[in-house]
1. Being among the acidic types (D, E) and farther than 18 Å from F126 by Cα is the filter here; which residues of the stretch 56-90 pass it?
2. For the stretch 77-123, enumerate the residues that are among the acidic types (D, E) and either over 17 Å from A52 (Cβ atoms) or surrounded by 17 or more Cβ atoms within 10 Å (Cβ to Cβ) (or both).
3. In the stretch 106-124, is there at least one residue being over 13 Å from the mean Cα position of the chain (by Cα) and closer than 19 Å to P15 by Cβ?
4. Filter the stretch 1-21 down to residues that are among the aliphatic types (A, V, I, L, M) and free of Cβ contacts under 8 Å to residues at least 60 places away in the same chain, then give me how many there are.
5. How many of the residues making up the stretch 9-21 are in a helix (DSSP H, G or I) and either in contact with a strand residue (DSSP E or B) (Cβ under 9 Å, 6 or more places away or on another chain) or at pLDDT below 95 (or both)?
6. N28 fails exactly one of the following numbered conditions: (1) exposed (fewer than 11 other Cβ atoms within 10 Å of the Cβ); (2) in contact (Cβ under 8 Å) with a residue 24 or more places away in the chain. What is the number of that condition?
7. Can you tell me which residue is nearest to F73 (Cα to Cα) among those in the stretch 22-58 that are in a helix (DSSP H, G or I) and small (G, A, S)?
Amino acid sequence: MEVKLKNGEVIHVRPYEEQDFSHIHRLNEKEGWKGLAERHEDTKAGWMNSNASFIAEKEGRVIGCLRGMTDGFITLFICELLVDADFRGWGIGSALLQYAHSLYPETRMELLASSTSKSFYEKERFRPFYGFRKTIGE
């Protein structure tokens, strides 16, 4: 789907395909998301097993991605949203969120934000809620 951004640029948003993973891995490394980058095979499996995952491209270059999971009716959970630092401020993250939600309009979108992404989600009109996280070793 072609999406015109707030700066007038046009990007292509489409479903994730397996050949996109090397680009996503590069974005994870560039962002310093060590857990995802170091657990390369697990991260790839996560992408392959997620049912709401999308890519933003500009002239064939992957410049953003959204990985999510949904039941299609109640919840659309956003696992990761990442935009290449060179393209931030263009509205790509917003476009990915809007695209994903447009496919599942009856769902509520939920996600966990970091202290650095909190203001972005507030601008997108997400409301805070209290959540928890635990890994198997904790």
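The values are calculated or read from the model by the stated rules, or taken from the named source; none is laboratory data. Predicted, not measured: the structure shown is a model, and the values here were computed from it. Cβ: placed from backbone, ideal geometry, glycine included. Neighbour counts: every protein chain shown.
1. If the condition is that a residue be among the acidic types (D, E) and farther than 18 Å from F126 by Cα, then E57, E59, D71, D84, D86 are the ones that fit.
2. Of everything in the stretch 77-123, those that are among the acidic types (D, E) and either over 17 Å from A52 (Cβ atoms) or surrounded by 17 or more Cβ atoms within 10 Å (Cβ to Cβ) (or both) turn out to be E80, D84, D86, E122.
3. Scanning the stretch 106-124 turns up at least one residue that is over 13 Å from the mean Cα position of the chain (by Cα) and closer than 19 Å to P15 by Cβ.
4. Step one: of the stretch 1-21, the residues among the aliphatic types (A, V, I, L, M) are 1, 3, 5, 10-11, 13.
Next, from what is left, pick out any that are free of Cβ contacts under 8 Å to residues at least 60 places away in the same chain: 10.
Number of matching residues: 1.
5. So the count comes out to 1.
6. (1)
7. G46
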